[in-house]
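Q: Got a structure for you, written out below as C-alpha cells; questions coming shortly.
Taken together, the values in this text are just the output of simple stated rules run on the coordinates, not laboratory data. Being a predicted model, the structure only gives us computed values, none of them experimental. Positions of Cβ are backbone-derived with ideal geometry, glycine not excepted, and every protein chain shown enters the neighbour counts.
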Amino acid sequence: MNTVLVIGWEYLKNRRRQTILSIIGVMLGVAFFIGIASMMKGMHDYFIEKLIDVAPHVKIMDEFRTPQQQPVYQKFPDAAVDLRGIKPREEIRGIHSARSILKKLATMDGVAVSPVLQGQVFLRYGGKDVAAALTGIQPEMERHASNLERDMTQGDLNALLTNSNGIIIGEELANKLGARLGAKISAVSPAGTTRTMKLVGLFNTGVTEVDGSAGYAMLKKVQILQNRENRINQINIRLQNIDDATSLAADLEKRYGYRTESWQETFANIFEMFVVENIIMYSTVGVIIIVSSFGIFNIISTSVNEKSRDIAILKSIGFSEGDIRKVFLFQGIVIGLIGSVFGWIIGAMLVETLASFQIDLGEEVNLPIKFEGMPVFRSVWLYVGGAVMATLSSVISAYIPARKAAALYPVDIIRGAA
C-alpha cells in the first residue's frame, strides 16, 4: 500500500473513538437522506398516479385560452372605436365540428378518446338535495378512455345501455344521498329540466372529491337534461405514453383553437407544491449530512495539531505538501465511504420498514385514506446521491485542516518543540 495511505490509516486507528463517532454521523445522514427521499418521492408518485387515474391525460374544452375580440376591434385594431349595446349571442355552447375532431383523433396510435358533456345538476333522493357534476358518456368509448369500469364496485358500465335513464355515481355521493343500488333518483338541471334516473352502479376512485361529487349517465340523456342536444363540451383523451400529453395538447390547441390542457397543466399547482416540499426535504437532509461533516473537521483539525511533530519529520525526510494533504484527505474519504456503506444498509432497512407500515387515517380526518403500506420509491440513484453528498462533504471538511497541515514549516515546528 502507498506509504501516504498507510500513515493516514494509522492516524484513523489511533483516534478510534472519534473516528467511529464520525462514521456514525455520516451513516445517519445518508440513512435519513435515503429514507426521507424515498418516502417523499413515493408519496408524490402515489398522488400523481391517483390523479392521472381519475383525470384524462389530455382534454379539449369548449372554451378559448384568450377571449375572442369583437369583429370591429379585429378589423380596426388601432382605431378609436367605442362599441356599445352588445347583446349576448343566443347560441348553445359546445365544441363545433366535434365529429371531425374525434375522427382525426381515432386515427392516432396509442390514443383513446371519449366525447362527454359535463354539467352541474342537483340529485334529489328522500328529501336530500346534493349538487353533483353529471357527465354524459358513451360507455363503449369511455371504457377505453378512463378507468371508470375498473373503479366500479357495484353494478356494471353496460347497465347504462340497458337502462334508458340509468346513472352511476360515486360511493361517497351515494352515502350523502342515502341511496342504494336500484334507487330512483331525481336529477334537476340548471335549465329546469327534471328526470327520474335509476341508480345502476357505484364507483370508488380513492379520490374523495371525485367520489363525493361525480356521476355518469348516457350522453343522449344528459344532453336532453341540460337542454344541449347533439352537443358535447369536452373531449377526453387517454394516452399509452403519458409523457406525450404536453406536446399533443399544444398541437391540438394550435390546430383547432379550443383550449386544450394536458394533465401536467391541469395539476400544475399540485406540482408546484411538490417542488416546494422537495426543496424543504433536500435542504433539511442536506443540513444533517453537513452537520455530520463537522465531526470530521474537528477530528482532522485535532489530529493536525497533535501530529505537528510527525508532519515536520515527514517533510524533513522528503514528503511534499501534496503528500501531507493526501494523508489527511484520505481520512476524510475513508470516513465518508465507510459511513455511506453503513448508511446504505440502515437506509434500506428504513425504507422497508416504512413500506411495511399500514396506515388508516379514516378516523382522524373522516376520509377513506388507507395505505396497506407506505408508498416508497426504490431507486439506486437515491443511494448514489446520498453517498456522493456524504463523501463530498467529508472531503471538503477534511481539506481545510489538510491544507493547514501541508502549510506547516518543519523548522518552526522543531524550534517550537525544542
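Q: Tell me, what ³J(HN,Hα) does each residue in the stretch 122-129 have, in order and in whole Hz, if you take phi through Karplus 6.51 cos²θ - 1.76 cosθ + 1.60 with θ = phi - 60° and put x for Gly and Pro?
A: Each residue's phi maps through the Karplus curve to give 9, 9, 10, 8, x, x, 10, 10 Hz.
Q: To continue, here is another question. Using the per-residue mean of other Cβ atoms lying within 10 Å as a proxy for protection, in what order, highest first, do the peptides 130-138, 159-167 fall?
A: My ranking of the peptides, most packed first, is 130-138, 159-167.
Q: Residue separation times 0.36 nm, minus the C-alpha to C-alpha distance between GLN264 and ALA133: what's the value?
A: 44.9 nm
Q: In addition: Would you mind putting 189-202, 23-36, 383-396 in packing order, based on average other-beta-carbon counts within 10 Å, highest first?
A: Numbers: 189-202: 17.2, 23-36: 23.7, 383-396: 20.3.
Ranked by mean Cβ neighbours within 10 Å, highest first: 23-36, 383-396, 189-202.
Q: Arranged from highest to lowest average of other beta-carbon atoms within 10 Å per residue, in what order do the peptides 93-101, 219-227 appear?
A: Highest to lowest by the protection proxy: 219-227, 93-101.
Q: Need one number: nm distance between label points at GLU352 and ILE313, each 7 Å from Cα along Cα→Cβ, rounded to one decimal.
A: Rounded to a tenth, the inter-label distance reads 4.8 nm.
Q: Could you list log10 I(q)/I(0) for the stretch 1-58 at q = 0.14, 0.19, 0.20 Å⁻¹, which the Debye formula gives when each Cα is one point scatterer?
A: Evaluating at q = 0.14, 0.19, 0.20 Å⁻¹ gives log10 I(q)/I(0) of -0.62, -0.80, -0.83.
Q: List, in order, the whole-Hz ³J(HN,Hα) value for each residue of the stretch 110-119 obtained from phi through the Karplus relation with A = 6.51, B = -1.76, C = 1.60 and θ = phi - 60°; use x for Gly and Pro.
A: Listing the rounded values in order: x, 10, 10, 10, 8, x, 9, 10, 9, x Hz.
Q: What dipole magnitude, in Debye to the nearest 20, does the chain give about its Cα centre under +1 on Lys/Arg Cβ and -1 on Asp/Glu Cβ?
A: 360
Q: So, one more: Sort out for me the Cα centre separation of the stretch 190-247 from the stretch 112-127, rounded to whole Å.
A: With the stretch 190-247 and the stretch 112-127 each reduced to a Cα centre, they are spaced 5 Å.
Q: In addition: Extension gain TRP9-ARG150, at 0.36 nm per residue separation less the Cα-Cα distance, in nm?
A: Details: separation 141, 0.36 × 141 = 50.76 nm, distance 6.14 nm.
Contour length minus the Cα-Cα distance gives 44.6 nm.
Q: Count the lysine pairs in the stretch 106-221 whose Cα atoms lie under 15 Å apart, taking only pairs 8 or more positions apart in sequence or on different chains.
A: Taking the stretch 106-221 as the scope, the lysine pair count is 5.
Q: Once you have all Cα-Cα distances for the stretch 250-354, histogram them in 5 Å bins from zero and send the whole-percent values.
A: Histogram of Cα-Cα distances, whole percents per bin: 2, 9, 10, 12, 11, 9, 8, 7, 7, 6, 5, 4, 3, 3, 2, 1, 0.
Q: Same structure again: For PHE203, list long-range residues whose amide hydrogen, built 1.01 Å from N in the peptide plane, is under 5 Å from its own amide hydrogen.
A: Residues meeting the criterion, in which the H sits 1.01 Å from N, are THR153, ILE169, GLY170, GLU171.
Q: Still on this structure: I'd like the FRET efficiency for GLU209 and ILE20, computed as 1/(1 + (r/R0)^6) with the beta carbon distance as r and R0 of 60 Å, rounded to 0.05. The partial results should precede the final answer.
A: Numbers: r = 52 Å, r/R0 = 0.86.
According to the calculation, E is roughly 0.70.
Q: Let me ask something additional. Pairs of Cα atoms under 8 Å, at least six residues apart: use those to get the relative contact order of the chain, whole percent.
A: Value for the chain: 27 percent.
Q: Another one. For the chain, count the residues as N, evaluate 2.2 N^0.38 Å, and divide the Cα radius of gyration by that value, please. Can you show the working numbers first?
A: Values: Rg = 33.3 Å, N = 418, 2.2 N^0.38 = 21.8 Å.
It is 1.53.
Q: Could you go through the stretch 345-354 in sequence order and give the Karplus-derived ³J(HN,Hα) for each residue, using 6.51 cos²θ - 1.76 cosθ + 1.60 with θ = phi - 60°, rounded to whole Hz, and x for Gly and Pro?
A: Residue by residue, the stretch 345-354 yields 5, 5, x, 5, 5, 5, 4, 5, 5, 4 Hz.
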